[in-house]
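Everything on this sheet refers to the single structure shown next.
The values are calculated or read from the model by the stated rules, or taken from the named source; none is laboratory data. Predicted model, so just to flag it, every value in this text is computed and none were measured. Here Cβ is always computed from backbone atoms with ideal geometry, including for glycine, and neighbour counts include all displayed protein chains.
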Amino acid sequence: MYFIDVQGTLISDADKTPIAGALEFIRSLNEKKVPYMIVTNNTKKSSSDFYQYLKSLGFEFELSSYIDPLMILESCVSKQRVAAYGSKAFLQTIKNMSYVLDYEKPKTVLVAIKEDFKADEYAQMIDFLLDGAELIGMNETSIYAQNAKRYPGVGGILKMLEFATSTSYKVVGKPSLAFYEEALKGLQLQDEDATFSKITMISDDVKGDLGGAKEMGMKTIFVTSGKYKTAQEIIPSLKQELRPDEIFADMQEILEQNQGHSR
């Protein structure tokens, strides 16, 4: 059974089209009735809109097999007095969810991703945190890939703010325990015996996704079709216990190995 990332794993960071083998891999799981959950850190579209977008690309799975941070946000973050930072699409999405944005005296600093954060935004976040606001990230992604460039992910920004203000932070999406536990509940609807120890997590984010998954007892597969050009860029710097169990170029390689094992 699987947890499967989306950006950089199933769809390309460059042009948002399905990565080689991605459609076929999901189709093969459906045919073999292998339980899986699509686990994404999407925050730019509403959950239903992003699900429909993936469907429009040809991915064949039910909404019950999908989870993103927006689906559990209300259980993690109060809707009142939130200073939110991220893309325009993210800000509009949480407004549509009735979150009240406050950039005067917020209770919560909520960070999502965008490629063009300004120094003044960081300065404002720091002031709010030093004034007692709590710090929450929509995810803890290490790197954000966009327009053939790599930017600090939400995890990198959270670490910077934590160091600057000595404010600890919480995470809504991957790799938080709350998120993975909610994804596990979805998997248990497909197989009541599902546990973290029986799950293989597939992702291009070897730190932000796979490290947390490994700490929870999951097997991990790292694909180099997204944030990293090669495994050598990142694997040697990881602690031994957080290194992925297997490394593949893309979903096509995983599919071919699985087909080889089934012969």
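Answer yes or no: is there a residue in the stretch 34-44 that is free of Cβ contacts under 8 Å to residues at least 24 places away in the same chain and exposed (fewer than 15 other Cβ atoms within 10 Å of the Cβ).
No, the stretch 34-44 contains no residue that is free of Cβ contacts under 8 Å to residues at least 24 places away in the same chain and exposed (fewer than 15 other Cβ atoms within 10 Å of the Cβ).
Return the pairs, sorted by first residue and then second, in which the second residue is buried (at least 17 other Cβ atoms within 10 Å of the Cβ), the first residue lies in the stretch 249-260 and is polar (S, T, N, Q), the beta carbons are less than 7 Å apart, and the residues are 6+ apart or on different chains.
These pairs meet every condition: 252/21.
Between a residue in the stretch 191-217 that is assigned by TED's automatic domain parsing to the domain that holds residue 234 and any residue that is basic (Lys, Arg) and assigned to a strand (DSSP E or B), which pairs come within a Cβ distance under 9 Å, given they are 6 or more apart or on different chains?
Correct list of pairs: 197/219; 198/219; 199/219; 200/219; 201/219; 213/219.
Looking at the stretch 103-127 only, could you name the residues that are surrounded by fewer than 16 Cβ atoms within 10 Å (Cβ to Cβ) and part of a loop (DSSP other than H, G, I, E, B)?
Hits for the stretch 103-127 are 103, 104, 105, 107, 115, 116, 118.
Of the conditions (1) part of a loop (DSSP other than H, G, I, E, B); (2) modelled with pLDDT of 95 or more, residue 208 clears all except one; give me its number.
Going through (1) part of a loop (DSSP other than H, G, I, E, B); (2) modelled with pLDDT of 95 or more one by one, residue 208 breaks only (2).
So, in the stretch 211-237, of the ones that are in a loop (DSSP other than H, G, I, E, B) and over 17 Å from the mean Cα position of the chain (by Cα), which residue ends up surrounded by the most Cβ atoms within 10 Å (Cβ to Cβ)?
Here the residue is 234.
Specify which of the listed residues (9, 43) is outside any helix (DSSP H, G or I) and either modelled with pLDDT under 95 or among the small types (Gly, Ala, Ser) (or both).
From the options 9, 43, the qualifying one is 43.
Taking the conditions exactly as written (modelled with pLDDT of 95 or more, out of contact with any Gly (no Cβ under 6 Å at 6 or more places or on another chain), surrounded by 20 or more Cβ atoms within 10 Å (Cβ to Cβ) and in the same structural domain as residue 194 (by TED's automatic domain parsing)), does residue 85 satisfy them or not? Working first, answer last.
Numbers: modelled with pLDDT of 95 or more: yes; out of contact with any Gly (no Cβ under 6 Å at 6 or more places or on another chain): yes; surrounded by 20 or more Cβ atoms within 10 Å (Cβ to Cβ): yes; in the same structural domain as residue 194 (by TED's automatic domain parsing): no.
Spelling it out, it is not the case that residue 85 is modelled with pLDDT of 95 or more, out of contact with any Gly (no Cβ under 6 Å at 6 or more places or on another chain), surrounded by 20 or more Cβ atoms within 10 Å (Cβ to Cβ) and in the same structural domain as residue 194 (by TED's automatic domain parsing).
If I go through the stretch 128-156 residue by residue, how many of them are farther than 22 Å from residue 79 by Cβ and in a helix (DSSP H, G or I)?
Total satisfying the criteria: 3.
Select, from 240, 252, the only residue that is over 20 Å from residue 66 (Cβ atoms), modelled with pLDDT under 95 and surrounded by fewer than 23 Cβ atoms within 10 Å (Cβ to Cβ).
Matching residue, one of 240, 252: 240.
Residues 72, 126: which one is under 19 Å from the mean Cα position of the chain (by Cα) and either modelled with pLDDT of 95 or more or of a type in the set (A, V, I, L, M) (or both)?
Criteria check complete, one pass: 72.
Among 16, 95, 55, which is the only one that is within 28 Å of residue 190 (Cβ to Cβ), out of contact with any helix residue (DSSP H, G or I) (no Cβ under 7 Å at 6 or more places or on another chain), among the basic types (Lys, Arg) and not in a loop (DSSP other than H, G, I, E, B)? Break it down stepwise before answering.
Numbers: 16 fails: not in a loop (DSSP other than H, G, I, E, B); 95 fails: within 28 Å of residue 190 (Cβ to Cβ).
Testing whether each residue is within 28 Å of residue 190 (Cβ to Cβ), out of contact with any helix residue (DSSP H, G or I) (no Cβ under 7 Å at 6 or more places or on another chain), among the basic types (Lys, Arg) and not in a loop (DSSP other than H, G, I, E, B) leaves just 55.
What about residue 183, is it surrounded by fewer than 19 Cβ atoms within 10 Å (Cβ to Cβ) and within 24 Å of residue 18 (Cβ to Cβ)? Steps first, please.
Values: surrounded by fewer than 19 Cβ atoms within 10 Å (Cβ to Cβ): no; within 24 Å of residue 18 (Cβ to Cβ): yes.
So residue 183 fails the test.
Taking residue 143 as meeting all but one of (1) farther than 19 Å from residue 69 by Cα; (2) touching a residue at least 40 places away in the same chain (Cβ under 8 Å); (3) in contact with a Lys or Arg (Cβ under 6 Å, 6 or more places away or on another chain), write down the number of the exception.
The failed condition is (1).
Would you confirm, using the coordinates I've provided, whether residue 164 is more than 20 Å from residue 7 (Cα to Cα), touching a residue at least 12 places away in the same chain (Cβ under 8 Å) and surrounded by fewer than 16 Cβ atoms within 10 Å (Cβ to Cβ)?
When the stated conditions are applied, residue 164 passes them.
Would you say residue 94 is under 22 Å from residue 171 (Cα atoms), outside the structural domain of residue 159 (by TED's automatic domain parsing), surrounded by 16 or more Cβ atoms within 10 Å (Cβ to Cβ) and of a type in the set (Val, Ile, Thr)?
no
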